[in-house]
Amino acid sequence: MAGIYIHIPFCKKACHYCNFHFSTSLQYRDEVLECIHTEAALQQAYLEGQAVQTVYFGGGTPSLLPGEAIRALLDTLRKHYTIAENAEITLEANPDDLSSDNLQALRDAGVNRLSIGVQSFFEEDLKWMNRAHNAAQSLQCLETAREKGFDNISIDLIYGGPTLTDAHWEENIAKAVSLGIPHLSCYALTVEPGTALDNFIQHHKIPPIDPDRAAHHFGMLMQALEKAGYEHYEISNFAKPGMYSRHNSSYWQGKPYLGLGPSAHSYNGQSRQWNVANNSLYMQSIRKGTVPFEKEVLSPQMALNEYIMISLRTQAGCSLERISAQFGEDKSRQLLSAGAEFIEKGWMLQEASMLRLTREGKFFADGIAAAMFF
């Protein structure tokens, strides 16, 4: 199983918290897309012999593209790669882009899963984040998407922000549940260096983000969605049974994937590489027939630590048997020894050869993983 990620580096406006690579100018949109088509041809050997089970249009804001542009990109992928007939094809979208006509065009192009950046159903939160849409557009696009035949829908929600009260967070979760949204990706508001949010805090225009507030909201989230029948299959992701994101799950399972477009990452099991995060430099290089990327070959220690970090974030957990087979029995014994204190605290469970975080342990997932690194 392999996946392809396509980075569309354009947005209408910059959200205050976002540090992904994008441009708010669409001046060179068509030129960048042309280069992504070219890169797809240049990189066709990267996944040679592997069937592509998932395609993911991320960004940026891929929903800024017309349906014909999405169709053309998928046609190019089918020309150079073996795309499975039942491939999951996801497109990230903002609610304000999802008109009835646009949704139909995306459906006709072959998109069968939407990941919609709702973030909140309350206006004050959206304005504070500098989102391009309003709450009414979120509700409308979800209704229209269903009418157009999209039943595999994920929405993003952000918690821990200063404008989000406990009552409103509870209502956000309840609204998603009542709408029957099959998949939720929920993220704590984080302050990334170089973002507008970081600048506001540095210049004392707003107070620092309260980690205790975010932790409380995370606890509310886990409790409410468990009650509603969602499976907490990764720290930030919840789904109804059978509705996991196949693409993102492949990341967490260590499957190979190819990234196309500026700033896109690729992984083949032995190394990872990432394209230059600059539209002009990307286009200059692609036009010369060279993909502009940096590469890192993973040492056994790096691969082991990466597996520990990713697996502990998932419902499946960390397999001691896999570590023994891939890295040696001594590493498995050392890892179990390192996890003993977390098992004693009730933050981790050992079930046969699997180590899994408890609900309490999920509050400390990153710290637990870091403490168990080699």
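The values are calculated or read from the model by the stated rules, or taken from the named source; none is laboratory data. Source: prediction; values computed, not measured. Quick reminder, even Gly has a Cβ in these numbers, built from the backbone with ideal geometry, and neighbours come from all protein chains shown. Surface accessibility is based on the protein's heavy atoms, side chains included, excluding ligands, DNA and RNA. Shrake-Rupley method; radii C 1.70, N 1.55, O 1.52, S 1.80 Å.
Overview of results
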{"item": "Ranked by how many other beta carbons lie within 10 Å on average, peptides 178-185, 207-214 from highest", "result": "178-185, 207-214"}
{"item": "Residues listed by number, segment 210-236, amide nitrogen under 20 Å from Asp166 label point at 7 Å toward C-beta", "result": "210-228"}
{"item": "Segment Ala136-Ser25, length gained on full extension (0.36 nm per residue, minus Cα span)", "result": "37.4 nm"}
{"item": "Alpha-carbon spread of segment 1-124, three principal axes, descending order, Å", "result": "50, 28, 25"}
{"item": "Ratio Rg/Rh, restricted to segment 127-214 and using Cα atoms, in which Rh is the Kirkwood radius", "result": "1.03"}
{"item": "Overall form of segment 227-349 per C-alpha gyration tensor (a/c, 1.5; a/b vs b/c)", "result": "oblate"}
{"item": "Label-point separation, Lys12 to Thr190 (7 Å along Cα→Cβ), nm", "result": "2.7 nm"}
{"item": "Net lengthening on full extension, Met1/Glu68 (0.36 nm per residue, minus Cα-Cα)", "result": "21.4 nm"}
{"item": "Sites Lys240 and Phe373, calculated FRET efficiency, Cβ-Cβ separation with R0 45 Å, nearest 0.05", "result": "0.85"}
{"item": "Long pairs among Lys255/Lys331; Lys12/Lys240; Lys148/Lys175; Lys13/Lys240; Lys295/Lys345; Lys13/Lys227, criterion Cα-Cα beyond 28 Å", "result": "Lys12/Lys240; Lys13/Lys240; Lys295/Lys345; Lys13/Lys227"}
{"item": "Unit Cα scatterers, Debye sum, segment 291-345: log10 I(q)/I(0) for q = 0.16 Å⁻¹", "result": "-0.55"}
{"item": "The chain - mean residue ellipticity at 222 nm from DSSP helices (-39,500 (n - 2.57) per run, n ≥ 4, rounded to 500)", "result": "-13000 deg cm²/dmol"}
{"item": "Largest to smallest accessible area among Ser63, Ser23 [probe 1.4 Å]", "result": "Ser23, Ser63"}
{"item": "Unpaired by the 4.7 Å Cβ criterion, cysteines found in the chain", "result": "Cys11, Cys35, Cys141, Cys186, Cys318"}
{"item": "Per-selection Kirkwood Rh - segment 83-171 (Cα, Å, 1 d.p.)", "result": "13.8 Å"}
{"item": "Paired Rg and Dmax values of the chain, which use every Cα atom, in angstrom", "result": "20.9, 58"}
{"item": "Charged-residue dipole, Cβ positions (Lys, Arg, Asp, Glu), the chain about Cα centre, Debye nearest 20", "result": "460 debye"}
{"item": "D_trans [Stokes-Einstein, Kirkwood Rh over alpha-carbon pairs] for segment 266-313, 25 °C, 0.890 mPa s, µm² s⁻¹", "result": "197 µm²/s"}
